[in-house]
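Single-structure report; data block below.
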Amino acid sequence: MRAPSLVIVAEDTGGRWSWPIVPDRYDTAVALRPAEARAVLELGVRNLRRLQYHDPAAPGWRVITRLLDPLEAVNAALDSPPTAHRRRAMLDVIALRLTHSTQTGRTYWGWTTQEWTRLLGRTQAEFRRHAPAWAGDEVRPYLAAHAYLLGSFNEFDQLGSFQRLTLSWRIFGRDRVTSEIARIRTVLGAWGYQLGQADDTLLASVACQLFLLNHSPHLEDMDTALFDRVRREQLLEGSQLNTLHALQRAIAALGLCDPPLQSTGRHSARATGGAKIWEQWADRRHNTSTLTPRVRGSVRSTLLRVGRWIAAEQPDAADPTDWTRQSRGAPADRTHPGRPDDSAVHLCRRSRSVSGTPRAATRQTANGVAGVGVTSSSWGL
């Protein structure tokens, strides 16, 4: 049962993002030609890095045009602050890629995932071990952008605590990424999630991981298969998985994918039981409750145990919309808004004999039972 979709329109950030590099426009031959290898060596590092006093008229530049043009196109497509420091890093990435091509005898069009991982390094320290001495730490993030746009590299889960947000800003555009994350925060903030707060960093990191994996920063391009893939391939772990769950709930609320499967434990599938109509009401209360996810899951689990008891002992009472004050056994002067009446507590205690519901949880769960019965007439299915 899916709730009505929310409508949260993205800000106008210059239209939809599209892949800036079209390989068909370039000569993508993998083998490095002898003349190109000689030209790179003759130009030398000073020229390739375009340091002060480099020779822009050197004949070698014309020889490596087919290698240089795509690299320049990537740099031009990046959303990077126009500072001398960052400009230096972007030029050094080009020099690094050209020199590495001469070392391998293959152009970057044919570099494997393993080569990219080694070149980028799983950590900053590992990058420094494999990179030339002149390539500073600031080169690595721009090299990652090149790997993504011009090398089909997308194994960022192998790069440790790499700054996914900054990388996504560079590739997709800062305003566009910020706007899409804000749409998610709006939904989660309305539900009371800390992830919905502007100072939270975990949501942005996980969202950007999905943007990169999906080759798109647009929420409309996210689907259920994307979330399933992340879980199946174990691309996230720990608190990131909780964030993924919340993020999928938000995307589902926007009508863009299916809601995530719930779980009652770290590895167990979400509990079911009782009549379908009772299960729908338990789900409805779970999805609209303002309690924390852990408490909501606990209450829902116990409500389903109650549902199984009802199915076994009182099958005609499975739909709370059919309940009356008499069928619930609640005297008119004993029922109070927001507090479970005696029949709700009694129902939970009776279900304990077949479900094992702890007595300590009876009163809390009775709130859920009473809430289902009291509010069913106004919610509607």
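The values are calculated or read from the model by the stated rules, or taken from the named source; none is laboratory data. In this text, all values refer to a predicted model and were calculated from it rather than measured experimentally. Backbone-built Cβ (ideal geometry, glycine too); neighbour counts: all protein chains shown. Side chains are part of the model used for accessible areas, which takes the heavy atoms of the whole protein and leaves out ligands, DNA and RNA. Shrake-Rupley method; radii C 1.70, N 1.55, O 1.52, S 1.80 Å.
Numbers for the structure displayed
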{"quantity": "Neighbours by Cβ (under 7 Å, 6+ apart or cross-chain): first from segment 274-302, in a helix (DSSP H, G or I); second hydroxyl-bearing (Ser, Thr, Tyr)", "calculated": "Glu279/Thr272; Trp281/Ser376; Arg296/Ser289; Gly297/Thr264; Val299/Thr365; Ser301/Thr264; Thr302/Thr357; Thr302/Thr365"}
{"quantity": "Asp92 of a type in the set (Asp, Glu) and at pLDDT 95 or above", "calculated": "yes"}
{"quantity": "Condition broken by Gly189, with the remaining ones in (1) surrounded by fewer than 16 Cβ atoms within 10 Å (Cβ to Cβ); (2) closer than 30 Å to His286 by Cβ; (3) free of Cβ contacts under 8 Å to residues at least 12 places away in the same chain satisfied", "calculated": "(1)"}
{"quantity": "Lone qualifier among Tyr108, Tyr142 - being more than 25 Å from Leu235 (Cα to Cα), touching a residue at least 12 places away in the same chain (Cβ under 8 Å) and of a type outside the set (Gly, Ala, Ser)", "calculated": "Tyr108"}
{"quantity": "From Leu143, Leu159, residue being at pLDDT 95 or above, under 23 Å from the mean Cα position of the chain (by Cα) and either under 30 Å from Leu226 (Cα atoms) or surrounded by 14 or more Cβ atoms within 10 Å (Cβ to Cβ) (or both)", "calculated": "Leu143"}
{"quantity": "When residues of segment 270-293 are limited to those that are at pLDDT below 75 and open to solvent by 40 Å² or more (accessible area, probe 1.4 Å), the one nearest to the chain's Cα centre (by Cα)", "calculated": "Arg270"}
{"quantity": "Among (1) of a type outside the set (Lys, Arg); (2) outside any helix (DSSP H, G or I); (3) open to solvent by 20 Å² or more (accessible area, probe 1.4 Å) - the single one Ser205 does not satisfy", "calculated": "(2)"}
{"quantity": "Odd one out for Ile21 among (1) of a type outside the set (Lys, Arg); (2) open to solvent by less than 40 Å² (accessible area, probe 1.4 Å); (3) in contact (Cβ under 8 Å) with a residue 12 or more places away in the chain; (4) part of a helix (DSSP H, G or I)", "calculated": "(4)"}
{"quantity": "When residues of segment 60-109 are limited to those that are out of contact with any Lys or Arg (no Cβ under 9 Å at 6 or more places or on another chain) and in a loop (DSSP other than H, G, I, E, B), the one surrounded by the fewest Cβ atoms within 10 Å (Cβ to Cβ)", "calculated": "Pro82"}
